[in-house]
């Protein structure tokens, strides 16, 4: 029986050696897998950090761009407000000047817009009430120089100030608002050049 015991011991020893080798190989393989997983995790972490940094830089650029755009819009808006205010003041100044200056301006407007035919001029209500003496004769002289005639109508123009010239069925609006509107871009450009 001693021989059987020796064989059993030898088989057990071989099995133990084989299992130790299998366990060792498994542990070595597990270590390689762990190292590969760690390396993969480090790479993923590094890639994620690089992507996060890149995304953060892109976001910061977008924010800076938006801030720059908003600043430009604010500056442009402020400039437009200033230009609008200057034009409003110019309009008010023209509208509220003394009668002599105001009707001198009206004379020039009539000179620029009169036609070489018979027509009539319709004044705004507030202007009709303050027409200076002899102004109708001045308007007639202006029209005659251009080969036409011009009489002041009893009808009032539906405008805030200035006048409307009527030749036949055609009317030309010569109110200050219409003149400012017609020259708005040109006036805005001029004010912009003067101020900025």
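Just a few scattered comments:
- Residue satisfying condition, being closer than 23 Å to residue 172 by Cα and either modelled with pLDDT under 95 or touching a helix residue (DSSP H, G or I) at 6+ places or on another chain (Cβ under 8 Å) (or both), within set 78, 48, 129, 52: 129
- The stretch 106-125, subset within 39 Å of the chain's Cα centre (by Cα) and assigned to a helix (DSSP H, G or I), residue surrounded by the most Cβ atoms within 10 Å (Cβ to Cβ): 106
- Residue 94 being assigned to a helix (DSSP H, G or I) and closer than 30 Å to residue 128 by Cα: yes
- Of all residues in the stretch 158-189, those satisfying the criterion of being crowded, with 18+ Cβ neighbours inside 10 Å and in contact with a helix residue (DSSP H, G or I) (Cβ under 8 Å, 6 or more places away or on another chain) are 159, 161, 162, 163, 165, 174, 176, 179, 187.
- Scanning the stretch 161-174 for residues that are assigned to a loop (DSSP other than H, G, I, E, B) and in contact with a strand residue (DSSP E or B) (Cβ under 7 Å, 6 or more places away or on another chain) turns up 161, 162.
The values are calculated or read from the model by the stated rules, or taken from the named source; none is laboratory data. Because the structure is predicted, anything quoted here is derived from the model rather than measured. FYI the Cβ positions are ideal-geometry reconstructions off the backbone, even for glycines, and counts take in every protein chain you see.
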